[in-house]
Structures are given as structure tokens and as C-alpha cells.
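Participant: Encoded as C-alpha cells, here's the structure I'll be asking about.
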2 protein chains.
Amino acid sequence: MVTMSEVAKAAGVSQAAVSYAYSRPSKVSSGQRARIFEVAEELGYHGPDAAGRSLRGGRVGAVGVMVMDSLGYAFSDPSNMQLLRGIAEEGELADVAVTLLPSPRPGPSDNKDPLGHRQASAGMRGLVDGVIIHNLPQGHAAVDAVIARGIPVVVVDSPKLRGVPYVGLDDRSAAASAAQHLLALGHRRIGILVDRLAPDGRSGVASPSRISHASDRVARARVQGYLQQLEASGIARSSVPVIEAGGFQLEDYAKASGQLLDDYDVTAILVASDVMALEAMSVATQRGLSIPAELSVVGFDDAPGAAEAGLTTVSQPMVEKGRIAAQLLLKAIATGELGSVLLPTEFIVRSSTARPQKRQSGSR
Amino acid sequence: MVTMSEVAKAAGVSQAAVSYAYSRPSKVSSGQRARIFEVAEELGYHGPDAAGRSLRGGRVGAVGVMVMDSLGYAFSDPSNMQLLRGIAEEGELADVAVTLLPSPRPGPSDNKDPLGHRQASAGMRGLVDGVIIHNLPQGHAAVDAVIARGIPVVVVDSPKLRGVPYVGLDDRSAAASAAQHLLALGHRRIGILVDRLAPDGRSGVASPSRISHASDRVARARVQGYLQQLEASGIARSSVPVIEAGGFQLEDYAKASGQLLDDYDVTAILVASDVMALEAMSVATQRGLSIPAELSVVGFDDAPGAAEAGLTTVSQPMVEKGRIAAQLLLKAIATGELGSVLLPTEFIVRSSTARPQKRQSGSR
DNA sequence: CTGAAAGCGCTTACAG
DNA sequence: CTGAAAGCGCTTACAG
């Protein structure tokens with residue numbers, strides 16, 4: 001590997017001069033700078049090595065993104081992709097690389113190596129100048145570790161932490177508006193589907209206590225927004241079935257959807273994410289229910305595919321969310337300034353919702 | 001930041017002992033190791049810093065992925081996503097982070113900073129232990145730079161380089177089989193659509209010379225495979241229109257599709273990628289052509305959405321491709337062993353192809 | 001504007 | 001099994 005010293009020797013200048021040529025152009029004459037670059041090119045020197053620069057206190061030139069559970073999930077969920085795209089678009093402006101950090105799965109036994117010591121994930125050990133955390137549960141060990149490391153952090157969606165820049169939505173109000181839409185159409189027998197309230201592997205009917213203690217903040221806020229609005233219209237919380245998928249796989253979604261449709265007599269469902277709502281629609285259709293005549297479905301996110309499927313949903317600007325998170329992080333890295341942003345949502349009515357059919361309760 | 005020395009002092013051992021505790025467990029007694037970890041935890045030490053370790057010659061613990069043009073594109077193309085997913089799935093096994101490197105766009109003036117010096121992108125300067133290059137054109141400066149750096153590299157799809165591990169398909173044969181399918185159905189007036197043959201901004205009708213000199217290896221191989229098979233059935237290359245989109249945006253695809261349908265009287269089109277084929281189908285439908293009755297369309301990739309759209313296509317295992325590329329890279333990093341893999345493809349007939357309608361040439 | 005020197009945190013021969 | 005020492009490539013006060 002060609003180093004600065006070699007370039008300096010060949011160019012007849014000090015090693016520091018070469019460093020300045022790359023990182024502090026104002027400290028060397030432009031003639032000398034040109035000469036140094038010429039020699040560097042001849043020798044095949046491609047610029048300061050990241051490790052050396054970083055060790056000395058400089059920037060690495062990369063930001064990290066911590067995503068839920070696994071990188072595989074990060075690359076298959078479409079909303080997540082939009083977020084990453086937004087981050088990438090902003091990142092390019094500042095010439096950074098995006099590093100995706102797998103966040104170790106938490107579990108009853110926590111995440112230890114074979115010797116019982118808690119491993120820091122690769123990205124927490126200096127690979128990045130800052131980290132964007134996307135939708136991790138409250139109390140997640142990986143979040144604590146990154147905060148403890150003291151590098152700049154921006155949280156998207158969850159968890160909300162004191163003094164940490166945050167980008168998100170008013171999930172609760174947006175969810176309330178979704179519920180209001182169904183109420184205005186005349187629905188009274190409404191079910192709720194949610195992907196995951198806490199990373200503990202539980203699924204099925206979610207109790208009021210489980211909902212109020214849910215560590216997945218976004219899921220909790222949405223479900224509470226739904227329930228709050230229904231309650232305001234005189235529908236008791238206890239009469240509204242809330243079914244949790246317990247994971248993010250399509251099979252999890254399908255199972256929860258099936259449970260809701262089989263066990264409860266509802267004319268409409270509120271689904272806390274579009275990917276899950278699309279799966280619910282497909283399950284309902286398979287069961288011979290026609291949408292929206294026999295079942296209304298409302299999603300959340302306006303994810304790719306929602307418009308095509310005619311899904312009524314809460315639209316949120318995911319790409320913009322990523323872009324803003326990147327901006328906030330870059331600002332925190334460069335200036336230490338901290339800022340948070342709440343983005344607006346828009347309720348979009350499509351063809352998956354309609355007035356309930358006139359029929360007797362329990363007619364199915 | 002807590003360092004090894006501080007942990008060592010607090011634990012009453014040498015700094016080297018702490019290093020060994022983390023990186024060479026066999027060099028310290030398990031009692032001492034436990035004691036060191038205990039002290040580290042108390043002090044909030046999260047393991048060796050990546051910069052220091054990397055500088056000294058160790059592993060960074062991250063692999064890079066170089067993608068076409070821009071990170072934004074990387075996060076919007078569905079086939080690319082599948083590849084990344086495959087890489088990520090394999091990466092998790094080895095506890096690596098995936099770093100996406102924006103590859104600087106090449107152009108007539110090459111890629112220079114304001115002072116005219118060629119910048120190495122962040123990821124080429126030591127941020128990663130190895131790099132997976134995905135589908136870059138031959139002669140791309142970023143590829144040369146990465147190879148020159150001497151770090152382990154695996155190329156997916158393009159370019160093919162002597163002595164560099166490679167994962168790809170037999171694109172030419174697979175394309176030939178796609179053409180053969182149309183010939184067997186009885187088509188004789190066939191057009192070809194391709195996304196990009198070279199990153200020079202040109203679009204529209206591609207001449208034989210442009211095709212044979214195309215630097216985008218995969219696009220070239222597929223087009224040549226089509227033409228070769230058609231020629232073998234007595235259809236002169238010069239009579240087959242080849243339209244190039246010149247970019248990867250849906251608008252580019254739509255424009256090229258429109259040009260082919262407007263200017264040439266074809267009963268079928270061979271499209272060198274599914275994303276473009278889906279766009280071509282949509283353009284054809286907008287023009288009132290019914291598929292497959294009036295126009296047969298064959299794609300390539302079996303990308304997400306192809307099955308739903310009923311697109312007849314060449315299926316390739318994109319996720320597997322990523323997984324294998326990651327395996328090869330990890331092996332190259334760990335052992336220096338180099339290996340290449342050609343993956344099989346499968347031709348899948350769906351509902352976008354049929355026998356041509358009986359009609360006079362030029363009846364439209 | 002230029003150069004000599006210190007030191008960032010770490011790993012690994014090497015000597016005990 | 002343990003420890004003292006060298007040095008990876010770099011940036012940045014500091015002195016000229």
C-alpha cells in the first residue's frame with residue numbers, strides 16, 4: 001500500500017505537506033499541491049487511508065443505519081427501502097457511504113458471544129461518524145450501546161430518547177383520523193391488526209396492558225390512536241379486537257389476518273402498516289369477502305403497492321423522512337447542533353373502504 | 001472514549017493482555033479474560049476500536065458493495081435489492097456490516113474534484129475489508145481504483161476481469177433461449193429493447209457497432225444472444241430494431257418502448273430487463289395493444305412484479321447470486337482463495353407471449 | 001507557506 | 001502464560 005510518506009519522499013516534500021495537500025488545501029501553495037497530486041497519481045496513491053485518518057481524529061466519511069432485526073429484513077421491506085433511499089440521496093451530497101448495521105436480535109438471554117461477553121456490533125466500533133436508528137424498540141441493547149459510545153445519533157420513528165434528534169410522525173393523531181374515516185362511513189364493528197408490539201415473540205390477541213406497555217413505540221401509538229378515536233365515538237376499547245402478528249413476515253401477517261376474520265364479526269379493519277394491510281386484503285379475498293362491499297380495509301404508510309391495490313391509507317413521506325434524518329445527522333456531526341422534525345401525514349381515501357353493507361350482526 | 005490502556009490499568013494488566021482477551025483468547029487465561037471483560041463492562045469499553053485495529057493490520061469487519069451510478073438507484077431497483085438481500089443474509093453469518101459505496105459517475109470529463117484531482121470514494125480508503133462490484137461498465141474508473149488498491153474483490157455480472165472472482169450468468173445463452181421461444185411461437189418481426197449499452201448518455205436506435213463495443217457487459221451479452229438466435233433462424237441482424245433507453249429511469253424505458261412501437265411493425269419484443277419489460281407492457285397497453293394477442297413481450301431477470309404481471313422471462317436467482325458473491329468474498333478475505341461461479345437460469349413461460357395474430361405486415 | 005514531532009488505539013512479534 | 005515495545009498511516013498544533 002502506497003502511503004503519504006512515500007509520496008512525500010518522491011515529491012521531495014514533508015509527509016505533512018502531502019496531508020495538507022489533501023485535507024487542508026489552504027496550507028500549501030497550489031503549485032506544490034499540483035506537484036504532490038502528480039506524484040501521487042504516478043505512484044498509485046489514492047488519498048488518505050480511512051483508518052489512519054479516523055484514528056487521528058478525523059472523519060471516517062460514512063454514516064451507519066441501524067435497522068430492525070436483520071439486514072435481510074432491511075432489504076425486503078419496501079417502506080424501509082424508501083427510507084434508505086432518502087438517506088442515500090442526502091448522503092451523496094456530502095460524499096458519505098451508507099453502512100447498514102445489523103442490530104443484534106434481543107432475546108431473553110441477551111446477545112452474548114460464546115464466552116458470555118456482550119459483543120459490540122462492527123459498526124459501533126468506529127466504522128461510522130454517526131448513526132441513524134430506524135424503528136427499534138425501546139430499551140434495545142443496541143441502541144443503548146450506540147448512545148453510550150457517544151457518537152452522533154438520529155432516531156427515526158422509535159425509540160424517542162431525551163436529547164437525541166428525532167424524525168417521526170404524529171402516529172397517534174394520524175391513526176385517529178384513519179379510525180374516524182371508518183366511523184364516518186358508519187362502521188361500528190371494527191378490528192385492529194398490528195405487526196408487532198414488542199420483540200418477545202408473542203402473537204394473537206393483544207390485551208390492553210400489552211398495548212399500553214408495548215415497546216415498539218410506533219405500533220403502540222397507532223393502536224392507541226385507533227382505540228382512542230373509537231372510544232370517543234362510544235365504542236368500548238374492550239369490544240375492539242386487536243390482533244398482533246408478532247413478526248414481520250408475510251406468514252405472520254396472514255395468520256393474524258385470518259384470526260381476526262375467523263374469530264370476530266367485523267365490517268372493517270384498521271391495519272397499522274400497509275404491507276400487513278395488503279396481506280389482510282389478500283387473506284380476506286381468499287375467504288370470499290369482497291372489498292370494500294363486505295370488508296373495508298385501512299392501512300398506514302402509503303407504501304409501494306398501496307396505490308395500485310386501491311388501499312385507503314395514511315400517507316407518510318418515507319423518502320423525505322430518510323432525507324431529513326440524514327440532514328440532521330450530518331448537521332450533528334459537523335456542528336454538534338441537535339434538531340428534531342415531525343413530518344406531516346395525509347389521509348388518502350382509495351377504493352378499499354366503503355359504507356358497511358346492511359345486514360344483521362353475525363350474518364356470516 | 002475508553003481505550004484498551006485504561007481498561008488494562010484498571011484491571012492491573014498490560015494493554016496487550018486486553019488486546020489478547022478480545023482477539024486472541026488462547027493467549028490469556030480464562031480467569032484473566034473474565035476479569036478483563038468485567039472491568040471493561042464497568043468502564044463502558046465496547047471492544048477494540050475499528051480504526052486502531054484496522055490500522056494495525058486487522059480486519060475492519062465490513063464489506064463494501066459498489067453499485068451503479070448512485071445509491072438512490074441502488075435502493076430503488078428491485079433486482080438490485082434482491083442481490084443486496086442475498087449479500088446481507090450471508091454477511092450476517094460472518095458478522096459483517098454492508099457498506100454501500102456510491103460509484104462516481106463516469107463521464108467525458110471523468111470524475112475530478114474542483115482541483116482536478118481524481119477523488120477516491122470513501123469506501124476505497126480502508127473502510128472495508130473487501131468489495132463486491134455489481135454490474136459496472138468495463139473500464140469504469142472506480143473499478144480500476146478498487147483493483148489498484150489491492151483489496152479482495154468479487155465482481156457480480158460486470159465487468160469480467162482476469163484473476164478476479166466472478167459471479168454471473170451465461171447471459172448470452174439465456175437470451176438466445178428467450179429469442180428461441182418467440183421464434184417457436186412463429187414470430188418473425190421482433191424488436192429488442194435494452195436499458196443501456198454504455199454510460200455515455202446515448203439513446204435510441206443502437207447500431208451493430210455500438211452493440212459489439214458496448215461496455216455494459218450484461219446488456220451486450222443479452223442483445224447479442226437475441227440477435228445470434230434470430231440470425232440462426234434466418235432473420236438478418238440488420239432487420240432487427242434494437243432500441244436503447246440510455247438510462248435506468250422509468251421515463252427512459254417508456255420513451256424507448258414508445259419509439260420501438262411507433263417506428264417499427266413488430267409482433268413481439270425481447271427486453272433485456274424485467275423492469276424495462278414491465279414498462280414496455282404498460283406503454284403498449286396505453287397504445288391500445290393487447291398482450292399477448294397483438295404483442296408478445298419477453299423479459300429478463302424474473303424481477304419482483306414479473307410473476308404478477310404474467311411476464312414471460314428468463315429467471316435468475318438474484319438472492320442466491322448475492323449470497324454466493326458474499327461467500328466468495330469472505331473466502332477471499334479469509335484465505336486468499338479465489339473462485340468464480342456461473343449460476344443457472346430458467347426460462348419461464350407466462351401469459352405475455354403467444355402466437356402472433358394472422359395479419360398482413362404493416363396492418364397497424 | 002513549510003517541516004519535524006507527537007500521538008490517535010491497536011496488534012503482534014519478541015523476550016521473559 | 002504475560003509484558004514491554006514497535007509501528008500501522010495519518011492530522012495537527014507548533015516552531016520556523
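The values are calculated or read from the model by the stated rules, or taken from the named source; none is laboratory data. Values in this document were obtained by computation on a predicted structure and should not be read as measured data. Virtual Cβ from ideal backbone geometry, glycine too; neighbours counted across all protein chains shown. Only protein heavy atoms, including side chains, enter the accessible area calculation; ligands, DNA and RNA are left aside. Shrake-Rupley method; radii C 1.70, N 1.55, O 1.52, S 1.80 Å.
Participant: If you take the accessible area of B alone plus A alone and subtract the pair, what total do you get in square angstrom, rounded to 100, with a 1.4 Å probe?
Facilitator: Using a 1.4 Å probe on protein heavy atoms, the buried area is about 4100 Å².
Participant: What residues have an amide H closer than 5 Å to that of A:V167, excluding those fewer than 5 places away on the same chain, when H is modeled at 1.01 Å from N in the peptide plane?
Facilitator: Correct list: A:V155, A:V156, A:D157, A:V341.
Participant: Can you give the mean number of other chain Cβ atoms that lie within 10 Å of the Cβ atoms in peptide A:71-79?
Facilitator: What the average comes to for A:71-79 is 6.
Participant: Enumerate lysine pairs in chain A that are 8 or more residues apart or on different chains, then count those whose Cα atoms are under 26 Å apart.
Facilitator: Pairs that pass both the separation and distance tests number 6.
Participant: What are the ³J(HN,Hα) values, in whole Hz, obtained from phi via the Karplus relation 6.51 cos²θ - 1.76 cosθ + 1.60 with θ = phi - 60°, for each residue of region B:290-299 in sequence order, with x given for Gly and Pro?
Facilitator: 9, 10, x, 4, 9, 8, 9, 10, 10, x
Participant: Next question. For chain A, what does the relative contact order come out to in percent, with C-alpha contacts under 8 Å and a separation of six or more?
Facilitator: Here the relative contact order equals 17 percent.
Participant: Next question, about the same structure. Can you report the principal axis dimensions of region B:4-48 using only the alpha carbons, biggest first, rounded to whole angstrom?
Facilitator: 24, 17, 17
Participant: Quick one: putting +1 on the C-beta of Lys and Arg, -1 on the C-beta of Asp and Glu, what dipole do you get for region B:4-48 around its Cα centre, in Debye to the nearest 20?
Facilitator: Charge dipole, region B:4-48, about its Cα centre: 260 debye, nearest 20.
Participant: Quick check on the protein assembly as shown: take the gyration tensor over C-alpha atoms, sort the square-rooted eigenvalues as a ≥ b ≥ c, and tell me if it's rounded (a/c under 1.5), prolate or oblate.
Facilitator: Here the protein assembly as shown falls in the oblate category.
Participant: Let me ask another. Give me the percent relative contact order of region B:287-344, please, defined on Cα pairs under 8 angstrom at least 6 residues apart.
Facilitator: It rounds to 24 percent for region B:287-344.
Participant: For A:R162, go 7 angstrom from Cα along the Cα-to-Cβ vector, then report the distances to that same point in the other copies in nm, smallest first.
Facilitator: 6.5
Participant: With unit charges on the beta carbons (Lys and Arg positive, Asp and Glu negative) and the dipole taken about the Cα centre of region A:171-316, which residue among A:G191, A:S233, A:V297 sits farthest to the positive side?
Facilitator: Going by the charge dipole, the pick is A:S233.
Participant: Tell me the carbon and sulfur percent of the accessible area for region A:171-316, rounded to whole percent, probe radius 1.4 Å.
Facilitator: Here carbon and sulfur together make up 49 percent of the probe-accessible area.
Participant: Sticking with this one: Given charges of +1 on the Cβ of Lys and Arg and -1 on the Cβ of Asp and Glu, with all other atoms neutral, how large is the dipole of the protein assembly as shown about its Cα centre, in debye to the nearest 20?
Facilitator: 600
Participant: Would you calculate, for the protein assembly as shown, the mean residue ellipticity at 222 nm contributed by helices, counting each DSSP H stretch of 4 or more residues as -39,500 (n - 2.57) and dividing by all residues, to the nearest 500?
Facilitator: Helix contribution divided over all residues of the protein assembly as shown: -12500 deg cm²/dmol.
Participant: What is the calculated FRET efficiency for B:R355 to A:R355, with r their C-beta to C-beta distance and R₀ = 60 Å, to the nearest 0.05?
Facilitator: 0.80
Participant: Explain nothing, just the number: dipole magnitude of chain A about its Cα centre with +1 on each Lys and Arg Cβ and -1 on each Asp and Glu Cβ, in debye rounded to the nearest 20.
Facilitator: 760
Participant: Within a 10 angstrom radius of each residue's Cβ in A:38-48, how many Cβ atoms of other chains show up on average? Whole number is fine.
Facilitator: Counting other chains' Cβ atoms within 10 Å and averaging over A:38-48 gives 3.
Participant: Amide H of B:H187 versus every other amide H placed in the peptide plane: which residues, excluding those fewer than 5 positions away on the same chain, fall under 5 Å?
Facilitator: For B:H187, whose amide H was placed from the backbone, there are no distant partners under 5 Å.
Participant: For region B:304-316, take each phi angle, set θ = phi - 60°, evaluate the Karplus expression 6.51 cos²θ - 1.76 cosθ + 1.60, and give the result in whole Hz per residue in order, putting x for glycine and proline.
Facilitator: Running phi through 6.51 cos²θ - 1.76 cosθ + 1.60 with θ = phi - 60° gives x, x, 5, 4, 4, 7, x, 7, 5, 7, 8, 8, 10 Hz.
Participant: Okay, moving on. Given a 1.4 Å probe, how much area per residue of chain A is accessible, in Å²?
Facilitator: Heavy-atom accessible area per residue stands at 41 Å².
Participant: Still on this structure: Please sort B:129-136, A:257-264 by packing, taking for each peptide the average over its residues of neighbouring beta carbons within 10 angstrom, highest first.
Facilitator: Those peptides, ordered most packed to least, come out B:129-136, A:257-264.
Participant: So what are the ³J(HN,Hα) numbers for region A:243-260, from phi and the Karplus equation (6.51, -1.76, 1.60; θ = phi - 60°), rounded to whole Hz, Gly and Pro as x?
Facilitator: In residue order, the calculated couplings are 10, 10, 6, x, x, 10, 8, 4, 5, 4, 5, 5, 5, 5, 4, x, 4, 5 Hz.
Participant: Could I have the simple spin-label model distance between B:V2 and B:S177, label points 7 Å from Cα toward Cβ, reported in nm to one decimal?
Facilitator: Result: 5.7 nm between the two label points.
Participant: Right, next: Can you find, among B:A245, B:Q180, B:A306, the residue farthest towards the positive end of the dipole of region B:171-317? Put +1 on the C-beta of Lys and Arg, -1 on that of Asp and Glu.
Facilitator: Highest projection toward the positive end goes to B:Q180.
Participant: Something else about it: Can you tell me the length gained on complete extension of the stretch B:S23 to B:R189, counting 0.36 nm per residue apart and subtracting the Cα distance?
Facilitator: That works out to 53.3 nm of additional length.
Participant: Using a Förster radius of 41 Å, what is the FRET efficiency between A:L342 and B:E42 based on their Cβ-Cβ separation? Nearest 0.05, please.
Facilitator: Computed FRET efficiency for A:L342 and B:E42: 0.60.
Participant: Is the C-alpha gyration tensor of region A:171-316 telling us rounded, prolate or oblate? Criteria: a/c under 1.5 is rounded; beyond that, a/b larger than b/c is prolate, otherwise oblate.
Facilitator: In terms of gyration-tensor shape, rounded.
Participant: Another one. For region B:166-247, run through the trypsin sites (Lys or Arg not before Pro) and keep only the ones in DSSP coil with at most 15 other Cβ atoms within 10 Å of their Cβ.
Facilitator: Here the sparse-neighbourhood loop sites are B:R202.
Participant: Can you tell which of A:A88, A:A254, A:L342 lies farthest toward the positive end of the dipole of the protein assembly as shown, using +1 and -1 charges on the Cβ of basic and acidic side chains (Lys, Arg; Asp, Glu)?
Facilitator: A:A88
Participant: How far apart are the B:L342 label points across copies, placing each 7 Å from Cα toward Cβ, in nm, shortest first?
Facilitator: 6.0
Participant: So if we plug the beta-carbon distance of B:S212 and B:R162 into 1/(1 + (r/R0)^6) with R0 = 22 Å, what FRET efficiency do we get, rounded to 0.05?
Facilitator: 0.60
Participant: Which distances, shortest first and in nm, link A:R287 to the matching position in the other copies, using label points set 7 Å out along Cα to C-beta?
Facilitator: Output for A:R287: 4.5 nm, nearest copy listed first.
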